[in-house]
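The values are calculated or read from the model by the stated rules, or taken from the named source; none is laboratory data. Given the structure is predicted, the values throughout are model-derived calculations rather than measurements. Neighbour counts are summed over all protein chains in view; Cβ atoms, including those assigned to glycine, are modelled from backbone coordinates with ideal geometry. These accessible areas exclude ligands, DNA and RNA; they are computed on the full protein's heavy atoms, side chains included. Shrake-Rupley method; radii C 1.70, N 1.55, O 1.52, S 1.80 Å.
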Amino acid sequence: MIRFEQVVKQYADGATAVDNLSFEAPTGQITVLVGPSGCGKTTSLRMINRMIEPTSGQILIDDEDVQSVNAAKLRRGIGYVIQHAGLFPHRKVVDNVATVPLLLGESKAAARKRAREVLELVGLPGDFADRYPSQLSGGQQQRVGVARALAADPPVMLMDEPFSAVDPVVRDQLQDEFLRLQREIGKTIVFVTHDIDEAMKLGDQVAVMRVGGKLAQIAEPSYLLAHPIDDFVADFVGRDRGYRALAFAQAPDLPLAKEPTVDLGASVDEARRATDGRWLLVLDDGRPQGWIEPERITAPIEASMLHRGGTVAAADGPLRAALDAALSSPSRRGVIVDADGQLLGTVRAHQVLSAIEEVDRPEVHEEDIAPASQTVSGETP
Ligand code: ADP
Ligand code: MG
């Protein structure tokens, strides 16, 4: 566990970047620090690995004050990932990743072997290792940055806006992969972002900071959405927070309608027989591919003829995804699939809304949440 105790950082020019910050980042979990630009996120993060020294207060990792540990030794036990992966351009990917194991005294061969293992772990197998950073996309470079931080298998990872510089689609993929990876590796992670959606998606708990380096509120995402402590947090977590809270509400059994379907490659006759005069859902091997309007069924069904705008929701996924599937579908019928992507049926927006009214919103008990001002301490003296 990482613990901030009344940490203050005043820079030489007198500005207070971090003001009396106290919170805990539990072992094996992702704690996200989120807030507007200049609110002291990076400063807070860099005080954990002593790239910046606090003016007062303490930071403890597993009850050990970081000030009492040699800075170089401390940093070897802490992975650090930054926005532009910070790779050495003239070194191959494998050697970038092998840097820390080498520093830790591993042989060159062992360090490279380890580097290839972690590259595979972050989705860059095989010959990616032998390329130079400039031969990779932005998203791939960020994966190398994550691999490099993981190479020494540190218990703690600090991540400063690691996915902010890539486009939204790639960012979404990186976030998904990162969550999958974390389920395997279970590191203690402090993750900094200015993007509230990213914070809510990734954080086991989210600490909202305000300019001046003060902690506004720290809680689980669903709790922040349901119980923002003041107007600043309410504004910051966003106007559509009622809708976004649905991201955390599991779908109950939705009333699924059986949907007429046709397979890719079907003839005009087959498709016309299948449709009941409304948009027709097209499958490939049981998996929904897209919709086609009856008027457009003038040739055997091909992928290029389909409207693919609608999203697809998993039956055991969050209600937000089911509602989105219904609202984004050209037929207004939301496609629901099982874990293998096989069609289960369709659902309409009003049915999802009724289901939402039935759902018990996730409730968090007050005592589970450390109020912003409180320093939680494991033992009472
Ligand atoms: P964030 O990461 O949330 O954008 P930072 O921690 O980088 O915020 O900065 C917090 C505040 O401290 C800002 O007002 C910034 O201008 C100031 N600051 C950051 N680094 C320095 C520095 N080296 N010297 C003086 N002021 C700094
Ligand atoms: Mg920053």
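General observations
- For the chain, the carbon plus sulfur part of the accessible surface works out to 48%, probe radius 1.4 Å.
- Helix 138-150 vs. the chain, principal-axis angle (Cα, 0 to 90°, nearest 10): 50
- Counting only DSSP beta bridges with both residues in the chain, the antiparallel share comes to about 55 percent.
- Inter-part distance, the range 175-189 to the range 44-90, computed on C-alpha centroids, equals 20 Å.
- When nucleic acids and ligands are ignored and a 1.4 Å probe is applied, Arg91 ends up with an accessible area of around 90 Å².
- Mean-position separation - Cα centroids, the range 220-239 and the range 304-350, in angstrom: 28
- CD proxy at 222 nm, helix term only [per DSSP H run n ≥ 4: -39500 (n - 2.57); per residue of the chain; nearest 500]: -9000 deg cm²/dmol
- HN-Hα J in Hz across the range 207-220 - Karplus 6.51, -1.76, 1.60, θ = phi - 60°, x for Gly and Pro: 9, 8, 10, 10, 4, x, x, 9, 7, 8, 6, 10, 6, 5
- Taking the charge dipole of the chain about its Cα centre, with +1 at Lys and Arg Cβ atoms and -1 at Asp and Glu Cβ atoms, the residue from Leu202, Ala325, Tyr223 reaching farthest to the positive side is Leu202.
- Relative to the longest principal axis of the Cα atoms of the chain, the long axis of helix 168-185 makes an angle of roughly 70 degrees.
- Rounded to 5, percent antiparallel among DSSP beta bridges of the range 261-358: 65
- The per residue volume of the convex hull around the alpha-carbon atoms of the range 55-114 is 128 Å³.
- Evaluated with a Cβ-only charge set (Lys, Arg +1; Asp, Glu -1), the chain carries a dipole of roughly 1340 debye about its Cα centre, given to the nearest 20.
- Rounded to the nearest whole Hz, the Karplus-based 3J(HN,Hα) values (6.51 cos²θ - 1.76 cosθ + 1.60, θ = phi - 60°) of the range 101-111 follow the sequence x, 5, 4, 7, x, 6, 5, 4, 5, 5, 5, with x at glycine and proline.
- Ala216 long-range amide H proximity, modeled H, under 5 Å: Val208, Met209, Arg210
- Viscosity 1.002 mPa s, temperature 20 °C, Stokes-Einstein D of the chain from Kirkwood C-alpha radius, µm²/s: 92
- Overall dimensions of the range 157-251 by Cα: Rg and Dmax, Å: 13.5, 40
- Seen from every direction in turn and averaged, the convex hull around the alpha carbons of the range 1-81 projects onto 5.4 nm².
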